[in-house]
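Chemist: What follows is a structure written as structure tokens; I'll ask about it next.
The values are calculated or read from the model by the stated rules, or taken from the named source; none is laboratory data. Only a predicted model underlies this, so the values are computations on that prediction, with no experimental measurement involved. No Cβ is skipped: glycine too gets one built from the backbone with ideal geometry, and neighbour counts run over all protein chains shown. Accessible surface is based on the protein model in full, side chains and every heavy atom, while ligands, DNA and RNA are left aside. Shrake-Rupley method; radii C 1.70, N 1.55, O 1.52, S 1.80 Å.
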Amino acid sequence: MSTDKQNIFPYTPVFIKLLKGPVEYLEKTAWEQLLQYQGELSRFLQQLGLILILEKEDGYAYLEQARLDEEENVIGWVRRIQLGYEESVLLVLLRDMMAEFEVGEAGARELVKKRREIKEYAELFFRENASRVKFIRDLDRLIDRVEELDFLEKVEHHEIPDEQRFRVKKIIKARVDNEILENFKKQLSEHAVGRI
């Protein structure tokens, strides 16, 4: 039994990809379809209660659910990720690394860090004390969890786990915006002053 391909929208493959999660410029075919059919796809998504968020400069796109009413009710199209406190802290730290990278590394497009470098960066934020020891000890598990959530991508396998390299995905900027980042830094500095 053959299907009538003329009835299938040309942007259907990228629409299905977007339902599963963010699309990045590194996925060349999907990215080109996204750019080519952006207008038609946006109009189609609007009818479904979805909004296309396309960050061309950073090279990622994702779907947001439109609000249906004042109570913030939405249609449950898009998978919502619940993050624990420690995962949220690690995301904020990775976002801070991204901010520093974007200011300093004009030549490179992607931020790639070794597991060891991510752990060292986290340790700079948290002085070793009783309330932070567990966080530092759990960093390997947290890094793995953030990779599962698709904010990190392993780019190099290494027999020494601390030497594994990860690409920090720019979609992290959608989850942790500048305001969240600044509030977190302010809370950290207030906490540090309170302990002195």
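Chemist: Checking the condition more than 10 Å from the chain's Cα centre (by Cα), surrounded by 12 or more Cβ atoms within 10 Å (Cβ to Cβ) and without any contact (Cβ under 8 Å) to a residue 24 or more places away in the chain, which residue from E163, E153, E179, E148 passes?
Modeler: E153
Chemist: Right, here's the next one. I'd like the full set of residues that are open to solvent by less than 40 Å² (accessible area, probe 1.4 Å), among the hydrophobic types (A, V, I, L, M, F, W, C) and at pLDDT 60 or above, limited to the range 70-93.
Modeler: Answer for the range 70-93, where residues must be open to solvent by less than 40 Å² (accessible area, probe 1.4 Å), among the hydrophobic types (A, V, I, L, M, F, W, C) and at pLDDT 60 or above: I81, V89, L90, L91, V92, L93.
Chemist: Further question: Would it be correct to say that R67 is modelled with pLDDT of 80 or more, more than 24 Å from D150 (Cα to Cα) and surrounded by fewer than 16 Cβ atoms within 10 Å (Cβ to Cβ)?
Modeler: So R67 does not fit the description; no.
Chemist: Would you confirm, using the coordinates I've provided, whether E153 is modelled with pLDDT of 90 or more, among the acidic types (D, E) and assigned to a loop (DSSP other than H, G, I, E, B)?
Modeler: When the stated conditions are applied, E153 does not pass them.
Chemist: Determine the pairs where a residue that is of a type in the set (F, W, Y) and open to solvent by less than 50 Å² (accessible area, probe 1.4 Å), located within the range 10-28, has a partner that is at pLDDT 90 or above and assigned to a helix (DSSP H, G or I) with Cβ atoms under 7 Å apart, the partner being 6 or more residues away or on another chain.
Modeler: That search, which allows pairs on different chains as well, returns Y11/Q33; Y11/E40; Y11/L41; F15/L41; Y25/W31.
Chemist: If you take the residues in the range 94-122 that are open to solvent by less than 40 Å² (accessible area, probe 1.4 Å), over 24 Å from Y25 (Cβ atoms) and not aromatic (F, W, Y), which one is modelled with the lowest pLDDT?
Modeler: Taking the candidates together, the pick is A122.
Chemist: For the range 36-60, name all the residues that are in contact (Cβ under 8 Å) with a residue 40 or more places away in the chain, surrounded by 15 or more Cβ atoms within 10 Å (Cβ to Cβ) and under 15 Å from K17 (Cβ atoms).
Modeler: If the condition is that a residue be in contact (Cβ under 8 Å) with a residue 40 or more places away in the chain, surrounded by 15 or more Cβ atoms within 10 Å (Cβ to Cβ) and under 15 Å from K17 (Cβ atoms), then G59, Y60 are the ones that fit.
Chemist: Within the range 7-37, track down each residue that is in a helix (DSSP H, G or I), under 21 Å from the mean Cα position of the chain (by Cα) and not β-branched (V, I, T). If you could, list the steps in order and put the result at the bottom.
Modeler: First, pick out the residues of the range 7-37 that are in a helix (DSSP H, G or I): 7, 12-20, 28-36.
From what is left, the residues that are under 21 Å from the mean Cα position of the chain (by Cα) are 14-20, 28-32, 34-35.
Correct list: F15, K17, L18, L19, K20, K28, A30, W31, E32, L34, L35.
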